[in-house]
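See below for the structure under consideration.
The values are calculated or read from the model by the stated rules, or taken from the named source; none is laboratory data. This one's a predicted model, so the numbers in the text were calculated from it and none came from an experiment. Because the Cβ atoms are built from the backbone with ideal geometry, glycine has one as well, and the counts that use them run over all protein chains shown.
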């Protein structure tokens with residue numbers, strides 16, 4: 001296998017990643033990283049049980065919204081990359097088969113996403129999450145940018161592994177409000193008790209409600225946590241109730 005070279009700009013980003021300064025799991029400027037890769041934005045999401053679970057690093061705007069949409073809908077290049085533990089490259093989103101991501105594709109059009117590049121954060125056969133780069137214009141990454149993205153995904157994986165328990169906290173109650181989706185994790189636990197289902201099933205109920213009512217998942221989760229929305233008396237096919245304390 002040929003050696004993969006790092007550009008000067010990416011070498012600088014990697015040095016910042018290694019520092020891991022500040023409150024987040026990953027340091028460094030995602031906007032600078034996106035500029036070096038020749039894309040409009042980047043994001044890193046962790047995975048639990050083979051599905052995207054927590055956004056830990058992203059450029060603002062489209063990349064953050066894209067991660068939230070994939071998390072809400074449970075489909076897209078990120079979930080595909082996590083499920084297969086393989087790189088997912090779509091240089092022209094308009095050419096993606098309609099049945100591949102039937103719900104997400106219209107959202108991608110609305111967000112103005114023209115190309116997607118997803119790199120699994122893997123160690124052996126285990127996928128810790130995914131690094132996603134997106135761009136409004138179609139076309140592949142340059143050879144240098146592809147090398148940079150592969151090296152960056154490996155470096156992010158190393159940073160997360162080096163974080164040890166800090167990385168694992170996102171799946172626990174101790175994670176608190178520092179997480180992008182802390183309310184979603186908390187709401188899933190509350191719905192699990194209210195509806196008498198597993199936490200995984202509770203997340204499905206939460207996602208279904210958000211999709212049915214065209215609300216952001218985080219907004220619905222905050223309603224549950226604030227006890228403005230209860231799933232305690234939900235029946236098959238019915239909506240949960242607003243204004244009932246859970």
Fill in: Residues being modelled with pLDDT of 90 or more and closer than 19 Å to residue 211 by Cβ - total across segment 47-67
4
Fill in: Subset tally (residues that are in a loop (DSSP other than H, G, I, E, B) and within 21 Å of residue 79 (Cα to Cα)) for segment 27-48
2
Worksheet item: modelled with pLDDT under 90, in a strand (DSSP E or B) and closer than 21 Å to residue 71 by Cα, is that true of residue 127?
Response: yes
Discussion item. Tell me the residue from 113, 96, 44, 39 that is at pLDDT 95 or above, closer than 11 Å to residue 132 by Cα and either outside the structural domain of residue 203 (by TED's automatic domain parsing) or in contact with a strand residue (DSSP E or B) (Cβ under 6 Å, 6 or more places away or on another chain) (or both), please.
Written reply: 39
Worksheet item: Restricting the search to segment 214-238, which residues are modelled with pLDDT under 85, in a loop (DSSP other than H, G, I, E, B) and either touching a helix residue (DSSP H, G or I) at 6+ places or on another chain (Cβ under 6 Å) or in the same structural domain as residue 66 (by TED's automatic domain parsing) (or both)?
Response: 232, 234
Item to complete: Identify, from the list 99, 148, the residue that is free of Cβ contacts under 8 Å to residues at least 40 places away in the same chain, more than 17 Å from the chain's Cα centre (by Cα) and either within 30 Å of residue 214 (Cβ to Cβ) or buried (at least 21 other Cβ atoms within 10 Å of the Cβ) (or both).
Response: 99
Practice prompt. Just need a number here: residues in segment 51-91 that are assigned to a helix (DSSP H, G or I), out of contact with any strand residue (DSSP E or B) (no Cβ under 7 Å at 6 or more places or on another chain) and surrounded by 18 or more Cβ atoms within 10 Å (Cβ to Cβ).
Written response: 5
